[in-house]
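Participant: First the structure, then my questions, so here it is.
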Amino acid sequence: MPRPTAAQFAYGSCTVIFSTLAMLLLSQTTSGHWIAVIALAALALGLLVAWTVPAPGTRAPRTPAEPAAQEGRLPTAL
């Protein structure tokens, strides 16, 4: 399993922090049970975001363009 990149850590951590604060402020809960549920939901959301950040070098290879476009020729019909 590859090691996570700094971008994955950053995006995941920011997602956990901001989503926890947003859910706590919107729900206005004071119960410990619901605070734990919100924290677990924010952690799951942060993991999802961290996993979906593309790792370097995982892009699909580019498809070759048409030969006329590679040579820089203009189309004949203007």
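Participant: Do any helices (runs of 4 or more DSSP H) entirely within the chain hold 1 or more residues that are among the aliphatic types (A, V, I, L, M), modelled with pLDDT of 90 or more and over 13 Å from the mean Cα position of the chain (by Cα), and if so, which? Give the derivation first.
Facilitator: Working: elements: 6-27, 32-52, 67-71.
Hits in the chain: 6-27, 32-52.
The rows are residues; the columns are (1) of a type outside the set (A, V, I, L, M, F, W, C); (2) in contact with a Gly (Cβ under 9 Å, 6 or more places away or on another chain); (3) surrounded by 16 or more Cβ atoms within 10 Å (Cβ to Cβ).
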{"residue": "29", "(1), (2), (3)": "yes, no, no"}
{"residue": "38", "(1), (2), (3)": "no, no, yes"}
{"residue": "48", "(1), (2), (3)": "no, yes, no"}
{"residue": "54", "(1), (2), (3)": "yes, no, no"}
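The values are calculated or read from the model by the stated rules, or taken from the named source; none is laboratory data. On a predicted model such as this, the values are computed, not experimentally measured, just so you know. Every residue, glycine as well, gets a Cβ built from its backbone with ideal geometry; the counts of neighbours run over all protein chains shown.
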